[in-house]
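Everything on this sheet refers to the single structure shown next.
What follows is calculated from the coordinates using simple rules that are stated; it is not laboratory data. Since the model is a prediction, treat every value here as computed from it, not as a measurement. Cβ: placed from backbone, ideal geometry, glycine included. Neighbour counts: every protein chain shown.
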Amino acid sequence: MEKNIPYKIYLEENEMPKQWYNVRADMKNKPAPLLNPGTLQPMTAEELAGVFCDELIAQELDNDTPYIAIPEEILGFYKMYRPSPLVRAYCLEEKLQTPAKIYYKFEGNNTSGSHKLNSAIAQAYYAKKQGLKGVTTETGAGQWGTALSMACAYLGLDCRVYMVKVSYEQKPFRREVMRTYGATVTPSPSDTTEVGRKILAEHPGTTGSLGCAISEAVEAEQKLDGYKYVLGSVLNQVLLHQTVIGLETKAALDKYGIKPDVIIGCAGGGSNLGGLVSPFIGEMLRGENKYQIIAVEPASCPSFTRGKFAYDFCDTGKVCPLAKMYTLGSNFIPSANHAGGLRYHGMSPILSQLYHDGYMEARSVEQTAVFEAATQFARVEGILPAPESSHAIRVAIDEALKCKETGEEKTIVFGLTGTGYFDMVAYEKYNNGEMGDYIPTDEELAKSLAELPVVE
Ligand SMILES: *Cc1c(COP(=O)(O)O)cnc(C)c1O
């Protein structure tokens with residue numbers, strides 16, 4: 001039975017999770033292993049050691065340990081900006097006149113403006129522990145680069161960020177935040193790497209993509225002594241770190257005896273969604289409970305809803321291992337008019353397997369509908385949401401409106417991954433009525449999918 005629910009459910013410090021939850025331990029069908037792009041054999045820990053830190057490789061390959069202790073130092077850092085609130089959206093419910101009960105887990109209360117700091121601090125911590133000098137990475141919209149810069153500044157590590165060129169130019173303030181935290185930021189593709197020069201030669205004038213920036217960051221890491229590469233989404237280790245979101249959400253709901261019916265998250269590479277839903281899907285995998293889980297993606301980059309479940313390259317330069325995932329093909333670049341983030345061509349192998357096995361559904365939404373939901377939310381709940389997060393808001397509102405028609409009092413929980421202060425160019429377009437929707441044609445998708453690697 002529900003008790004009187006406050007607007008914000010906070011956990012006490014001593015109620016915060018002390019372990020991450022590894023959903024792979026409960027999956028019957030494990031996510032497929034990463035493959036070596038040369039031999040097409042599963043990547044060994046030794047091979048991965050060329051790119052990643054040892055402890056993170058152990059986490060990446062661990063399909064069996066259900067709970068992994070969060071080191072004290074990371075817990076201490078988490079306590080600086082966590083626990084994050086689980087908010088009952090009473091004001092939105094009132095505005096929508098819905099009998100549904102809506103909750104959101106807000107991850108935007110730190111300078112990166114997103115959930116990405118949860119994994120950034122973990123990855124930087126293990127790099128530091130291994131005695132490294134620094135790390136290289138890519139960033140798209142800039143949240144991951146910012147989060148990593150913050151974590152590296154705290155731990156005294158050097159941070160080199162390859163930032164997708166269009167964002168570098170459109171979001172100079174995001175770049176400056178990273179530099180304030182001591183990071184070096186290079187627009188990608190750049191002429192500082194071989195792969196960058198090759199991409200520039202083949203696609204002059206390109207504004208870049210995450211896939212290109214990943215290739216450059218990996219090449220940079222391999223040429224620098226004492227550096228490793230880190231990635232902000234997609235990988236198993238990142239989903240693992242992000243489970244603090246879901247574990248806190250579950251603990252907060254349990255405190256008041258609330259059982260969600262529907263859990264919704266936006267899906268770019270899958271890290272926030274995976275982190276939010278892992279503890280709930282774990283219950284489904286163990287046969288203890290049932291939930292409706294919805295992944296929301298942009299109609300202009302629809303990996304779950306229109307992609308293929310196949311091995312693909314994680315980057316444009318094809319230097320990274322292959323992952324089996326829902327993908328649009330590593331050469332797919334979303335239309336330049338797409339302003340809503342979530343632009344990566346692939347999806348977390350863990351979530352891909354869970355989706356394939358029927359534990360989640362997926363919806364794609366058009367960006368004007370996303371910004372409409374963002375604006376509606378901002379005006380009643382006070383928070384100016386990130387465009388990425390607004391994909392989840394869109395579907396949460398749609399579900400609440402359905403409840404209004406049917407009279408069902410469903411409990412809806414969604415992930416509000418961050419704030420949108422650096423996305424005002426996109427909001428400006430929307431406010432001026434200049435934002436369009438772009439949905440790739442079947443021919444366009446077939447073209448990039450035809451270039452998937454052949455893996456027996
Ligand atoms: C990066 C980001 C996302 C998407 O990444 P996932 O790995 O799919 O979670 C969503 N929201 C915000 C605010 C982000 O910064």
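Using the eigenvalues of the Cα gyration tensor, what equivalent ellipsoid semi-axes result for segment 122-208 when each is taken as the square root of five times the eigenvalue, whole Å, largest first? Before the final figure, lay out each step's value.
Details: eigenvalues 122, 45, 14 Å².
Whole-Å semi-axes of the equivalent ellipsoid: 25, 15, 8.
Return the equivalent ellipsoid semi-axes of segment 210-312 as a descending list in whole Å, where each equals the square root of 5 times an eigenvalue of the C-alpha gyration tensor. If you can, show how the numbers build up before the last one.
Details: eigenvalues 197, 66, 24 Å².
Equivalent-ellipsoid dimensions as semi-axes: 31, 18, 11 Å.
What is the sum of charges around Pro99, taking Lys and Arg as +1, Asp and Glu as -1, for the other residues whose C-beta is under 13 Å from the C-beta of Pro99? Don't skip to the answer; put the middle values down first.
Numbers: positive: Lys101, Lys402, Lys404, Lys410; negative: Glu93, Glu94, Asp261, Glu399, Glu405, Glu408, Glu409.
Charge balance in the 13 Å sphere: -3.
Exactly which trypsin sites (Lys or Arg not before Pro) in segment 243-333 are in a DSSP loop and have at most 12 other Cβ atoms within 10 Å? Before the final figure, lay out the partial values.
Numbers: sites: Lys250, Lys255, Arg286, Lys290, Arg306, Lys308, Lys318, Lys324; in loops: Arg286, Lys290, Lys318.
Hits after loop and neighbour filter: Arg286, Lys290.
Give me the one-decimal Kirkwood hydrodynamic radius in Å for segment 310-456, with the sum taken over alpha-carbon pairs.
Working: mean 1/r = 0.0578 Å⁻¹.
Over segment 310-456, the inverse of the mean reciprocal pair distance is 17.3 Å.
Place a +1 charge on the Cβ of each Lys and Arg in the chain and a -1 charge on the Cβ of each Asp and Glu, then give the dipole magnitude about the Cα centre in debye, rounded to the nearest 20. Don't skip to the answer; put the middle values down first.
Details: 44 positive and 56 negative charges, 130 e Å.
Approximately 620 debye in magnitude.
Taking segment 40-132, how much of its Cα-Cα pair set, in percent, is spaced more than 18 angstrom apart?
Values: 2689 of 4278 pairs.
Of all Cα-Cα distances in segment 40-132, 63 percent exceed 18 Å.
With +1 on each Lys and Arg Cβ and -1 on each Asp and Glu Cβ, and nothing else charged, work out how big the dipole of segment 1-104 is about its Cα centre, in Debye to the nearest 20. Walk me through the intermediate numbers first.
Values: 11 positive and 16 negative charges, 142 e Å.
For this selection, approximately 680 debye.
On average over all directions, what projected area in square nanometres does segment 345-387 have, based on the convex hull of its Cα atoms?
Average of the hull's projected areas for segment 345-387 equals 4.2 nm².
Cα atoms only, segment 269-371: Rg and Dmax in Å?
Just the Cα atoms of segment 269-371 yield Rg and Dmax of 14.2, 44 Å.
Using 0.36 nm per residue, how much length does the chain from Leu75 to Ala153 gain when fully extended, once their Cα-Cα distance is taken away?
Values: separation 78, 0.36 × 78 = 28.08 nm, distance 1.71 nm.
Using 0.36 nm per residue and subtracting the Cα-Cα distance, I get 26.4 nm.
Using the reciprocal of the averaged 1/r over all distinct C-alpha pairs, how large is the Kirkwood radius of segment 94-249 in Å? Don't skip to the answer; put the middle values down first.
Working: mean 1/r = 0.0613 Å⁻¹.
Kirkwood hydrodynamic radius for segment 94-249: 16.3 Å.
Rounded to two decimals, what is the ratio between the C-alpha radius of gyration of segment 183-263 and 2.2 N^0.38 Å?
On the way: Rg = 19.6 Å, N = 81, 2.2 N^0.38 = 11.7 Å.
Segment 183-263 yields a ratio of 1.68.
What is the dipole size for segment 123-172, taken about its Cα centre, with +1 at each Lys and Arg Cβ and -1 at each Asp and Glu Cβ, in debye to the nearest 20? Could the numbers behind the result be given before it?
Details: 6 positive and 3 negative charges, 29 e Å.
Once rounded to the nearest 20, the dipole reads 140 debye.
What is the Cα convex hull volume of segment 413-456 when expressed per residue in Å³? Please list the in-between numbers first.
Details: hull volume 9.2 nm³, N = 44.
With only Cα atoms used, segment 413-456 gives 208 Å³ per residue.
Which number comes out as Rg/Rh for segment 1-88 once both Rg and the Kirkwood Rh are worked out on C-alpha atoms?
On the way: Rg = 18.4 Å, Rh = 16.3 Å.
In segment 1-88, Rg relative to Rh is 1.13.
Only bridges with both residues in segment 286-421 count here: give the DSSP antiparallel percent, nearest 5. Show your work: numbers first, answer last.
Details: 7 of 12 bridges.
Of all bridge pairs located within segment 286-421, approximately 60 percent are antiparallel.
Among the lysines, which fall within straight-line cross-link reach of Lys165, defined as a Cα-Cα distance under 20 Å, with same-chain neighbours fewer than 8 residues apart omitted?
Lys198, Lys318, Lys429
According to the Cα gyration tensor, what semi-axes, each the square root of 5 times an eigenvalue, does the equivalent ellipsoid of the chain have, listed from largest to smallest in whole Å? The partial results should precede the final answer.
On the way: eigenvalues 198, 123, 98 Å².
Working through the eigenvalues yields semi-axes of 31, 25, 22 Å.
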